[in-house]
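Undergrad: Quick one: the structure is below, questions incoming.
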Amino acid sequence: MRDSATATVRSVDTSLYRVPNEQALEDATQSFDTLEIVALTAESDAGHAGLGFTYTIGRGGAATKRFLDDVLAPRLEGQPVSPRTVRTNLRGETTFIGREGISEFAVAAADIALWDLLGKAAGLPLCELLGGAREPVTMYETDGGWLQYDADALVENAEGIADAGFAGMKMKVGSSLDRDVERVRAVREALPAGLDLMLDANCSYSVPEARALARRLDDVAITWLEEPLPKGDYASYADLRSRVDMPIATGENFYNETQFQQVLRRDAVDYVQPDVCRVGGITPWVNVAEQAAATGVPISPHYIEPLHAHLACAFGNVPYIEHHSTVLDELLADPIPVEGGEITPPDRPGHGMAFEGAEQYRVD
């Protein structure tokens, strides 16, 4: 077998899975009942196989897979097992169609597969490959805070989240201002004082609305207000942060490092929230984390807990990661347990995930 330093990608295979949620989930902009996973397996001529994947919430999975099959997979074959080099090469194929959405989701699947290959070649878990140590990672809980829940249901969910040992709870806002305030106050009262409460508006407020919410909750302990404003309005984020005391978080819907630079350079954010699949993979996620560390801004990533657990171990500016749902676990041969509100990356080489036994969910 060839040395890992000179290994190349020998073959690429893609697949599409569709997993139903237990119930439809609602935020301020959408309702969704399905998780779609687009997987990419890259085999190297050194005898290893790396699993990469990306996701959508019920729409766009087939288009993402088609882009991988038609554009990126043929380009990936024969490339070195070098994530940074390959990502640069693959993104060259996206210049004229835009480096957001489908193209970055697709590049992410390839990038993650290559990092998994590197870990397996080195015999190291991803967190150690990135220079970190395997250790428990603190989590906050989002599942239980969806917009469809009224105040009574949210209080019941909050009590369960506290009992499970999570460090905090995130709840959705963005319906009417009066309803938002009522629900937030009820949850804050139900949560123990030591647990954090985060609010997620899913880009649904105007600047005046966000300022009004912050003003009406100025006596409530809130860890952050997430994505209060439309994506890409960096100047308004900077203006809002200068006018309210409530910390601001954003980044879930950013698709590249440049977009994070916009809010960091404008001093427009208190927490950044890259999603390893949306931002284009592990390589750009690491770049964002380094940017954030250099400016003293903590990072708390969105979703994809099994990957973000590894990444959190490699950086000291991650106070906690998000526990979003357990739908992804349906695909995993060996789901990573969450115990006492913490998750520990597996000690298997690479990221430690496999989709074995998930054929009932495969649609392509």
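Undergrad: When the residues of the stretch 50-98 are filtered to those that are at positive phi and touching a residue at least 24 places away in the same chain (Cβ under 8 Å), which remaining residue is surrounded by the fewest Cβ atoms within 10 Å (Cβ to Cβ)? Step through it out loud before you land on a result.
TA: Of all residues in the stretch 50-98, those at positive phi come to 58, 60, 78, 98.
If we keep only those that are touching a residue at least 24 places away in the same chain (Cβ under 8 Å) too, we end up with 58, 60, 78.
Working: Gly58: 17, Gly60: 15, Gly78: 10.
Filtering first and then ranking leaves Gly78.
Undergrad: Shifting gears a bit: Let me confirm something: among Val38, Val19, Val12, which residue is at pLDDT 95 or above, open to solvent by less than 10 Å² (accessible area, probe 1.4 Å), β-branched (Val, Ile, Thr) and in contact with an Asp or Glu (Cβ under 8 Å, 6 or more places away or on another chain)? Give the steps one after another, and end with the answer.
TA: Working: Val38 fails: in contact with an Asp or Glu (Cβ under 8 Å, 6 or more places away or on another chain); Val12 fails: open to solvent by less than 10 Å² (accessible area, probe 1.4 Å).
Exactly one of Val38, Val19, Val12 is at pLDDT 95 or above, open to solvent by less than 10 Å² (accessible area, probe 1.4 Å), β-branched (Val, Ile, Thr) and in contact with an Asp or Glu (Cβ under 8 Å, 6 or more places away or on another chain), namely Val19.
Undergrad: Leu217: surrounded by 16 or more Cβ atoms within 10 Å (Cβ to Cβ), hydrophobic (A, V, I, L, M, F, W, C) and within 30 Å of Val81 (Cα to Cα), yes or no?
TA: On the way: surrounded by 16 or more Cβ atoms within 10 Å (Cβ to Cβ): yes; hydrophobic (A, V, I, L, M, F, W, C): yes; within 30 Å of Val81 (Cα to Cα): no.
Spelling it out, it is not the case that Leu217 is surrounded by 16 or more Cβ atoms within 10 Å (Cβ to Cβ), hydrophobic (A, V, I, L, M, F, W, C) and within 30 Å of Val81 (Cα to Cα).
Undergrad: Just to be sure I understand the filter: pairs with C-beta atoms under 8 Å, separated by 6 or more residues or on different chains, first member in the stretch 157-175 and under 13 Å from Ala193 (Cα atoms), second member among the acidic types (Asp, Glu) and open to solvent by 20 Å² or more (accessible area, probe 1.4 Å). Which pairs pass?
TA: As it stands, the answer is Ala167/Asp196; Gly168/Asp196; Met169/Asp196, since those pairs meet every condition given.
Matching residues to (1) open to solvent by 10 Å² or more (accessible area, probe 1.4 Å); (2) assigned to a strand (DSSP E or B):
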position	(1), (2)
Leu114	no, no
Leu117	no, no
Thr138	yes, yes
Leu147	yes, no
Ala153	yes, no
Glu156	yes, no
Gly160	yes, no
Phe166	yes, no
Lys170	no, yes
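Undergrad: Being touching a residue at least 40 places away in the same chain (Cβ under 8 Å), closer than 24 Å to Ala289 by Cβ and not in a helix (DSSP H, G or I) narrows it down to one residue among Ala249, Ala268; which is it? Let's see the steps before the verdict.
TA: Numbers: Ala268 fails: touching a residue at least 40 places away in the same chain (Cβ under 8 Å).
Answer to the selection: Ala249.
Undergrad: Hand me the list of helices (runs of 4 or more DSSP H) wholly inside the stretch 1-98 holding 3 or more residues that are under 21 Å from the mean Cα position of the chain (by Cα). I'd like the intermediate steps shown before the answer.
TA: Details: elements: 61-67, 73-76, 83-91.
Hits in the stretch 1-98: 61-67, 83-91.
Undergrad: Moving on. Checking the conditions here, which among Ser204, Ser242 is among the hydroxyl-bearing types (Ser, Thr, Tyr), open to solvent by 30 Å² or more (accessible area, probe 1.4 Å) and touching a residue at least 60 places away in the same chain (Cβ under 8 Å)? Even if it seems obvious, please write down each step before you answer.
TA: Details: Ser242 fails: touching a residue at least 60 places away in the same chain (Cβ under 8 Å).
Every option except Ser204 fails the conditions.
Undergrad: Which condition from (1) in contact with a helix residue (DSSP H, G or I) (Cβ under 9 Å, 6 or more places away or on another chain); (2) β-branched (Val, Ile, Thr); (3) more than 26 Å from Leu72 (Cα to Cα) is the one that Val327 breaks?
TA: The single condition Val327 does not satisfy is (1).
Undergrad: Could I ask something else about it? Would you please list the contacts, defined by Cβ atoms under 8 Å and residues six or more apart or on different chains, that run from a residue in the stretch 309-331 that is under 26 Å from Gly131 (Cβ atoms) and without any contact (Cβ under 8 Å) to a residue 60 or more places away in the chain to a residue that is outside any loop (DSSP other than H, G, I, E, B) and open to solvent by 30 Å² or more (accessible area, probe 1.4 Å)?
TA: Close Cβ pairs satisfying both conditions: Gly316/Ala293; Asn317/Ala293.
The values are calculated or read from the model by the stated rules, or taken from the named source; none is laboratory data. On a predicted model such as this, the values are computed, not experimentally measured, just so you know. Note that each Cβ is placed from the backbone with ideal geometry, even for glycine, and that neighbours are counted across all protein chains shown. Please note that ligands, DNA and RNA were not included when accessible areas were found on the heavy atoms of the full protein model with its side chains. Shrake-Rupley method; radii C 1.70, N 1.55, O 1.52, S 1.80 Å.
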